[in-house]
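What follows is a set of notes on a single structure, which appears directly below.
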């Protein structure tokens, strides 16, 4: 059952069986999101392989098509911590990125980072929070920095330094291209 459409610029959290997918509402039933790219074609975000993709395609799609049989909710959960940009600015930045291939990283630059970067000018994701006891399976090149951050914060969810650097670089690029 579909809810009434939210105002343009709102965040949409889609509940997949094993994770949450994030999109940003554009208006008229359309959202913008990123879909990991597998072998040149955008995946449907259903395969386990897609989470290991290093590239994603920015897509404008109908909300109902992206949600499918899953459920969703409007979730602007960071509004208390970050001031949303004006809706017109969010839409302008979003439209510029449609069809672009962007870097994708489950831990540092995922779908939630993407939409929060558009809404707030800051890429944020609680999905990447890993507790110190569970961190052993995340030992990648960047995982070491993430583990060090977790140790210094008592195991609270944090963004990796690399993810922050990507967000700042992407924001700078957006400002220069959209100005």
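In the stretch 59-71, the qualifying residues are those that are out of contact with any strand residue (DSSP E or B) (no Cβ under 6 Å at 6 or more places or on another chain) and in a loop (DSSP other than H, G, I, E, B), and the one that is farthest from residue 24 (Cα to Cα) is 69. Scanning the stretch 1-50 for residues that are surrounded by 18 or more Cβ atoms within 10 Å (Cβ to Cβ), farther than 14 Å from residue 110 by Cβ and modelled with pLDDT under 75 gives a single hit, 42.
The values are calculated or read from the model by the stated rules, or taken from the named source; none is laboratory data. Everything quoted here is computed from the prediction, not taken from an experiment. So basically every Cβ, Gly included, is an ideal-geometry build from the backbone, and we count neighbours across all protein chains shown.
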